[in-house]
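To keep things clear, I will list the structure first and then write my remarks on it.
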Amino acid sequence: MKNRKFLWGSATAAYQCEGAWKEGGKGLSNWDVFCHSDKNNVNPVTGDVACDHYHRYEEDIKRMAEGGQNAYRFSIAWTRIIPDGTGERDREGIDFYNRLINACLKYGIEPLVTLYHYDLPKTLFEMGGWENRDTTEAYVRYAKVCFEEFGDRVNYWATINEPNYETLCCYGYGNYPPNVKSLERRWKAMYHMMLASAKAVALYRGMGYQGMIGLVSDCYSIDFMEDAEEYRKAAGFADLFFNISVNDVCVRGAYPEEYRDKLMEEGYDLSYMRKEDEEIFKAGCVDYLGVNAYCRYLAKPCTEKGISLTANNTGDGKKKKLFIEGWFALDEDKGLEKTPWGMEIYPKSIYDLLLDLKKRYPNMPVIITENGVGNYDSVSEDGEVHDQYRIEYLQGYVDWIEKAMDAGCDVRGYFVWSAMDVYSWINGYKKRYGLVYVDFDDQGLRRIPKDSYYWYKNTIREKGEKFDGKVQ
Ligand code: NOJ
């Protein structure tokens, strides 16, 4: 399938925007359970209602089209399709996504559908979630239902969102369910996610569809402050940890030697990696790599003992602390501007990243499936939302993407995170990323397009033709 049009869109995920957590036959997910438990103690809010996109999807999609966007990335809640994870398909849930997809088509919006974006059926979660190999089978069965039901209209699929970041939060920072700190368990969960993704890719092709199927990977350009041997080595480990451990597997269809060697050297149990899986990975190479790009990571040698993984979920200006003995530590460039959550503002990182990806995976098309910046937005006295800093950030990224495309990178699309303000997982509702403001205090969940929404509309108008011409 060849689309000559560059995809310009914005993105959401089911649990973050749909709400209607007990409506339409939906089963419960790990996030429903977590949000209602006492473990949800950093920003104790839930996605029960969120933006009520479940009921308001049509006006949200219409607004995207009015903003010049031609694509929408959203995820399907597994619990709406197969409420208990493994049983019968649910017609009401399927009909909801039929309505949503049809609304996209009605407004000239290409849907890019993520099959799994952090929300796992409770039943599977209780049986070990992604640490349990059986979850891969349940996932493939669920994916098959989605292909059968929606494959006639959906041309872009993403198997899994951010295997790296999700498992780092679940098992590293410990701030996502199951809230544990064990890298050993993380490696295992991540392996099963990659296996599930590869199986779904092979299945999709086997079913004869012509669309593109990819995986969405949180990717980072890795840099260092001192040009010294041990810094370069630390950067190599950071690259392995954050990027290669996912990207090599879905793009090249194999775990790199260096990954197995490193984990073995550290004494991790790898007995779940089966010989016969190698064929599955080979058959499950993606058609495109979905890249979620937010920032760069600076690596330095780790001089401390043990492991420290601390996230900043409170927006108090502190940087997250991350070091892993034997691997690397995160460094900081004090001269650069950061968000209140400590994320560096450095748009050139997307250029560096795209060039790195091109070097390592020369023929792999890329879709930027997420790019955005979170902040405390507010409505001004004139009733509008003036998010100039977001415009600057996004403008910087789009300009550097353009430069990367000029340098030969095969980029097929760009999605701003997020289409509207959504539930930001453990960061709650105060950390806003949307092009459209959602008044969560208002009963009607009033939407107000921000300045960045209009900026995006103009940018698409200005750059559209040139970007279409660059689609390879
Ligand atoms: C990546 C995730 O895919 C998305 O769910 C999240 O809200 C954004 N990053 C912002 O943190």
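Data for the structure
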{"item": "Phi-based couplings in Hz for the range 82-97 (Karplus 6.51, -1.76, 1.60; Gly and Pro marked x)", "result": "10, x, 9, x, 10, x, 6, 6, 10, 4, 5, x, 4, 5, 4, 5"}
{"item": "Packing-based ranking, highest mean first, of 56-63, 160-167 given that Cβ atoms within 10 Å are counted", "result": "160-167, 56-63"}
{"item": "Loop-resident sites, the range 303-412, for trypsin sites (Lys or Arg not before Pro), counting at most 16 other Cβ within 10 Å (DSSP)", "result": "Lys305, Lys318, Lys319, Lys320, Lys334"}
{"item": "FRET efficiency for Thr303 and Ala283, using Cβ-Cβ distance with R0 set to 51 Å, rounded to 0.05", "result": "0.75"}
{"item": "Gained length - Ala254 relative to Met225, 0.36 nm times residue gap less alpha-carbon distance", "result": "7.3 nm"}
{"item": "DSSP beta bridge pairing in the chain, given as percent antiparallel to the nearest 5", "result": "25 percent"}
{"item": "Full-stretch length increase - Asp48, Glu184 - with 0.36 nm per residue and alpha-carbon distance subtracted", "result": "45.7 nm"}
{"item": "Other-chain or far-sequence residues with amide H under 5 Å of Asp218's (modelled H)", "result": "Glu162, Asn164, Tyr165, Asn292"}
{"item": "Rounded percent of accessible protein surface that carbon and sulfur make up, the chain, 1.4 Å probe", "result": "48 percent"}
{"item": "For the range 184-269, accessible area per residue (1.4 Å probe, heavy atoms of protein chains only), Å²", "result": "37 Å²"}
{"item": "5 angstrom amide H check on Val436, placed H, neighbours 5+ away", "result": "Met420, Asp421, Lys450"}
{"item": "Helix-only mean residue ellipticity at 222 nm for the chain, each DSSP H run of n ≥ 4 adding -39500 (n - 2.57), per residue, nearest 500", "result": "-11500 deg cm²/dmol"}
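The values are calculated or read from the model by the stated rules, or taken from the named source; none is laboratory data. Model, not experiment: these values are computed from the prediction. Every residue, glycine among them, receives a Cβ derived from its backbone with ideal geometry; neighbour counts consider all protein chains shown. Ligands, DNA and RNA are excluded from the accessible area calculation, which covers all protein heavy atoms including side chains. Shrake-Rupley method; radii C 1.70, N 1.55, O 1.52, S 1.80 Å.
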